[in-house]
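The values are calculated or read from the model by the stated rules, or taken from the named source; none is laboratory data. Remember, it's a predicted structure, so these values are computed and weren't measured experimentally. Positions of Cβ are generated from backbone atoms using ideal geometry, with glycine treated the same way; all protein chains shown enter the neighbour counts. In case anyone asks, the SASA skips ligands and DNA or RNA and just uses the protein heavy atoms, side chains included. Shrake-Rupley method; radii C 1.70, N 1.55, O 1.52, S 1.80 Å.
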Amino acid sequence: MNLLPIICGQLMFFLCCMGEAMAVQRFCREYLEISAIRSKMFIIFFLAGRMAIEAILSCYFIPFFLYSFIQNGIFAVLVLFLFQAETGKKVFILFLLILERRLLFEFFSSAFSSLLLFIQHIMGKEPVMQIWWEECILSCLVYMAGIAVIYLISGFRISFLGEFSGKRLVVLAVPFVLLIVISDMLGQAASKGILLRSGGDWGIYYDQLFSHAGICLFSLLSMLGIGVYLISFDRIFLEIREKERYSAGVAAYKAMEGQYCQMERLRHDLKNHLIGLQGLLKDREWDKMERYLHKMIQEGAVSASEAATGRRALDALLFYKRKLAEGKNIVWECDLKIPKECLIDEFDLCILFGNILDNAIEACEKLEQENIRFVHVESRMVKKCFLLEVKNGTDLQDICETGHTGKENPEGHGFGMQNIKNIVYRYNGMLNMEIQENVFVLSVLLCNLEVS
């Protein structure tokens, strides 16, 4: 028995699987987190699983459906247990990769097989592969092309994956599952020798060409459909995000306009106010003078605790949130330092501060004990990063409880935290939440990088 074809075939298959494992891992790491140890475990178990399946397949006949189920099952277990991310995101990436790998394999396998059949036909050979090295070369070409495409598409980021989570992503993955099932049905039919007929008695050569052409067309249209599907959702998401940024800017400027109107009214009547204060001063009516000054401060929106960041929209937003908090008997403390060289977009800052403060004020509003109803906002630059820390009173005992909303129609809410996470994601930042003795602490660290 000649062992050379077997050894060469297994060696080439091992190298191809190694390349596929590295390409798949690179794609997953764009959206999912994995440690260095688990990264090595993924490659080892991926290779072991693929080699074990091929070893069994060489000894026993396995129906295509079962073969596909086992192969995808091993891949699913590795992704779900070794990568770290929200479950919905892992499910979405998992089915997307399973479908892409299958379609790429079918497309390139049929395309290269058609090319080989055409070459054999020109050379006058039988339209079947009878030499082991032909099969080996064909398999290598298919894997190399598929690996190259996976590497290529891993460079394109899907923006809405940083925003959506949970059931939303699972629902978005349903079309992938349907296409996987259809693709498995075609593979099952091909494994049983069911071919597309050429329409006449043209022979097996043309029947095989028609079959490969049909598979190529199906795979190509499916991949184009997936691309349009993902790009469409991505554009919709980006448009919604831009509208949110615009709305946040409009709201901030409206708040600023109201603040300036109050200041203008105060300046207009400043002469009369000074005359009134001068009269109280001459009569030495200190209590009346104090009350008069206090009223002027309130009417003019002047406060010792007023935030002055140098960002007009952000200052107006903070003023609006402070007035909102004080109107609900919530103690407000603000100590912000945002230097001019900070490159974080002002609209992004408004979205970040607005959503965080809305959540903090809403949490304090639900508290019955007024002594723990407070919001403390502090920010500063740490080297070239922007650090924001917001503390507010809470009656929660576990951070996990913050994942539930007490609003009516909870499916329609929860976007505030998603917006916060999206800003953190865009600036390669970090988000941390913890509860310390009835105090909810939210910390955000944003890299001081200019983004598009």
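Below are the figures for this structure:
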read-out: Those residues of segment 169-204 which are open to solvent by 70 Å² or more (accessible area, probe 1.4 Å), farther than 18 Å from residue 67 by Cβ and modelled with pLDDT of 80 or more, in sequence order; value: 171, 174, 178
read-out: Any hit, segment 48-67, residues being open to solvent by less than 40 Å² (accessible area, probe 1.4 Å) and either closer than 17 Å to residue 161 by Cα or of a type in the set (S, T, N, Q) (or both); value: no
read-out: Subset of segment 342-378 that is in contact (Cβ under 8 Å) with a residue 40 or more places away in the chain and either in a loop (DSSP other than H, G, I, E, B) or touching a Phe, Trp or Tyr at 6+ places or on another chain (Cβ under 7 Å) (or both) - its residue that is nearest to residue 427 (Cα to Cα); value: 344
read-out: Count - residues of segment 147-162 that are open to solvent by 50 Å² or more (accessible area, probe 1.4 Å) and at pLDDT below 80; value: 3
read-out: Hey, residue 84 closer than 23 Å to residue 151 by Cβ and either open to solvent by 40 Å² or more (accessible area, probe 1.4 Å) or β-branched (Val, Ile, Thr) (or both) or not; value: yes
read-out: Residue list for segment 425-443, filter: in contact with a strand residue (DSSP E or B) (Cβ under 6 Å, 6 or more places away or on another chain) and surrounded by 17 or more Cβ atoms within 10 Å (Cβ to Cβ); value: 427, 429, 440, 442
read-out: Residue count for segment 275-296, restricted to those that are free of Cβ contacts under 8 Å to residues at least 24 places away in the same chain, assigned to a helix (DSSP H, G or I) and either among the polar types (S, T, N, Q) or open to solvent by less than 100 Å² (accessible area, probe 1.4 Å) (or both); value: 10
read-out: Residue among 222, 232, 211, 165 that alone is among the hydroxyl-bearing types (Ser, Thr, Tyr), surrounded by 18 or more Cβ atoms within 10 Å (Cβ to Cβ) and modelled with pLDDT of 80 or more; value: 222
read-out: Given (1) modelled with pLDDT of 85 or more; (2) open to solvent by 20 Å² or more (accessible area, probe 1.4 Å); (3) farther than 16 Å from residue 337 by Cα, number of the condition residue 393 does not satisfy; value: (2)
read-out: When residues of segment 319-343 are limited to those that are among the aliphatic types (A, V, I, L, M) and within 13 Å of residue 379 (Cα to Cα), the one surrounded by the fewest Cβ atoms within 10 Å (Cβ to Cβ); value: 336
read-out: Residue in segment 405-424 that is most open to solvent (accessible area, probe 1.4 Å), counting only those that are modelled with pLDDT under 70 and outside any loop (DSSP other than H, G, I, E, B); value: 411
read-out: Filter result (touching a residue at least 60 places away in the same chain (Cβ under 8 Å) and more than 30 Å from residue 178 (Cβ to Cβ)) within segment 87-117; value: 117
read-out: Selection from segment 13-38 of residues that are of a type in the set (Ser, Thr, Tyr) and surrounded by fewer than 16 Cβ atoms within 10 Å (Cβ to Cβ); value: 35
